[in-house]
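This report refers to the structure that appears directly beneath it.
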Amino acid sequence: MPSLKEIKTRISSVNSTRKITSAMKMVASSKLHHAQVAIQNMLPYETLLEHILKSFLVSTPDAQSPLEMSHPEIKRVALVVFSSNSSLCGGFNANILKMMQQAIDDYKAQGVGEIVVYPIGRKVAEKVQKLGLKSGGDFVELADKPNSAQCAAIARELEEKFLSGELDKVDLIYHHFKSAGTQILTSKTFLPIDLSTETLGAENDRDLTSNVTTAKAQEYLRKKQARQGKGVKEAVPLNDNFIVEPDMETVLQSLIPKLLHHMVYTALLDSQASEHAARMVAMQTATDNANELLRDLNLQYNKSRQQAITNELLDIVGGSVNN
């Protein structure tokens, strides 16, 4: 049985750890709020851009782009994988790396000869180096500081390689941020691009209004919002009757790269928000565990202290009886 001094030392250690995890949870919660605001500011533009492009293509059946045409053989593939630069975020990075490894194994089983990974985040970059895979560049800073211009450069590079035949397919692997308590591991095709109207607005299911992590609390907030009639306003298109100037090819060459750029940028913002949400949940769990452990240690300390006092009293009483 540990001594009173050992138990007291451990209580002090757990207390210090609890303070750290509680502070990290507060920091992650603040960063999550900023990430939610960034997604919220970007969504109206992305929604209207996607609607304009896909509605335009529906209204002009003859319109086609080489970026939506599949290559006859898939021999060269690129994976754009989003992770974090730091740890202490639960299974966030482990799940991403597992899906990346699974995608690589599946493509190799299909006979794909060349796989290039664009690692956005230190964790996936280290994994790529460890596995000896070909890397598309160094994008470590992008995971902490989302930059629209750099995302556009990545999308432009992938687009040029796809058109020139250097790449036959490009996939995005990231966490889709649905709410503070739910992040969905997602793998989707980036190129050839899917311009069908069936996918219009498919990913606009995010809850950006709160950072509550429990499912019960989220359900309560949704019902309360529905009662108050404060639904999120969607971007409404002005007109779907398009007049094409100067010509259809020029319009497509302008709109499709913009949509590709925003697909990369959206995935980056989703990944960053998911990282902060996962870290907030992990630190909240660690704080709760520390509180539970403190309760057990305090109980053990009090029992040991009571036992020590009882032993001392017995020694005093026994000594007085003998005298």
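Taking segment 12-43 and a reference point 7 angstrom along Cα→Cβ of Leu88, the backbone N atoms nearer than 19 Å belong to 12-35. Mean-square fluctuation check for the chain, GNM, Cα pairs under 10 Å: which of Thr17, Thr310, Thr186 is largest? In this elastic network of the chain, the residue with the biggest mean-square fluctuation among Thr17, Thr310, Thr186 is Thr310. Think of it as helices only: each DSSP H run of n ≥ 4 in the chain is worth -39500 (n - 2.57), and spread over all residues that comes to -21500 deg cm²/dmol at 222 nm. For the chain, a simple Cβ point-charge model (Lys and Arg +1, Asp and Glu -1, everything else neutral) yields a dipole of about 2000 debye relative to the Cα centre. Report note on the peptides 276-283, 134-141: ranked by the mean count of other C-beta atoms within 10 Å, highest first, their order is 276-283, 134-141. Solvent-free Debye calculation, one equal scatterer per alpha-carbon of segment 39-95: log10 I(q)/I(0) at 0.13, 0.15, 0.18, 0.23 Å⁻¹ equals -0.72, -0.86, -0.94, -0.96. Compared with the dominant principal axis of the Cα atoms in the chain, helix 248-322 is inclined by about 10°.
For the residue pairs Lys161/Lys258; Lys145/Lys169; Lys130/Lys178; Lys134/Lys178, the C-alpha atoms sit more than 20 angstrom apart in Lys145/Lys169; Lys130/Lys178; Lys134/Lys178.
Excluding ligands, DNA and RNA, what is the solvent-accessible area per residue of the chain at a probe of 1.4 Å, expressed in Å²?
Dividing the accessible area of the chain by its residue count gives 56 Å².
Its alpha carbons give segment 63-193 an Rg and a Dmax of 14.8, 48 Å. If R0 equals 51 Å, the separation of the Cβ atoms of Lys303 and Thr209 corresponds to a calculated FRET efficiency of about 0.65. Sorting 294-300, 117-123 by their mean Cβ neighbour count within 10 Å, with the most densely packed peptide first, gives 117-123, 294-300. Once the Cα atoms are used to define both axes, helix 122-131 deviates from the longest principal axis of the chain by about 80 degrees. Here the chain exposes an accessible surface that is 52 percent carbon and sulfur, computed with a 1.4 Å probe and the other protein chains kept in place. Across the chain, Cα pairs under 8 Å and at least six residues apart give a relative contact order of 31 percent. For His71 and Ser196, the difference between the fully extended length at 0.36 nm per residue and the C-alpha to C-alpha distance is 43.2 nm.
Measuring r between the beta carbons of Ser13 and Arg156 and using R0 = 45 Å, the FRET efficiency lands at 0.30.
Which percent of the Cα-Cα distances in segment 284-323 go past 15 Å?
I get 59 percent for the Cα pairs in segment 284-323 exceeding 15 Å.
May I ask you to work out the translational diffusion coefficient for segment 113-155 at 20 °C, viscosity 1.002 mPa s, via Stokes-Einstein with Rh from the Kirkwood sum over Cα pairs, reported in whole µm²/s?
For the chosen part, D equals 197 µm²/s.
The modelled label-to-label distance between Leu185 and Leu131, using points 7 Å beyond Cα along the C-beta direction, is 1.3 nm. Here the average projected area of the convex hull drawn through the C-alpha atoms of the chain stands at 24.4 nm². In plain terms, if you count all Cα to Cα distances in segment 1-84 and split them into 5 Å steps from zero, the share in each step is 2, 9, 7, 9, 10, 11, 10, 8, 6, 6, 5, 4, 4, 3, 2, 1, 0 percent. For the Cα atoms of the chain, what angle does the longest principal axis make with the long axis of helix 92-109, in degrees from 0 to 90, nearest 10? It is inclined by approximately 50 degrees.
The values are calculated or read from the model by the stated rules, or taken from the named source; none is laboratory data. Note that the structure is predicted; figures quoted are calculated from it, not measured. Counting neighbours? That spans all protein chains shown, and the Cβs are built from the backbone with ideal geometry, glycine included. With ligands, DNA and RNA removed, areas are computed over all heavy atoms of the protein, side chains included. Shrake-Rupley method; radii C 1.70, N 1.55, O 1.52, S 1.80 Å.
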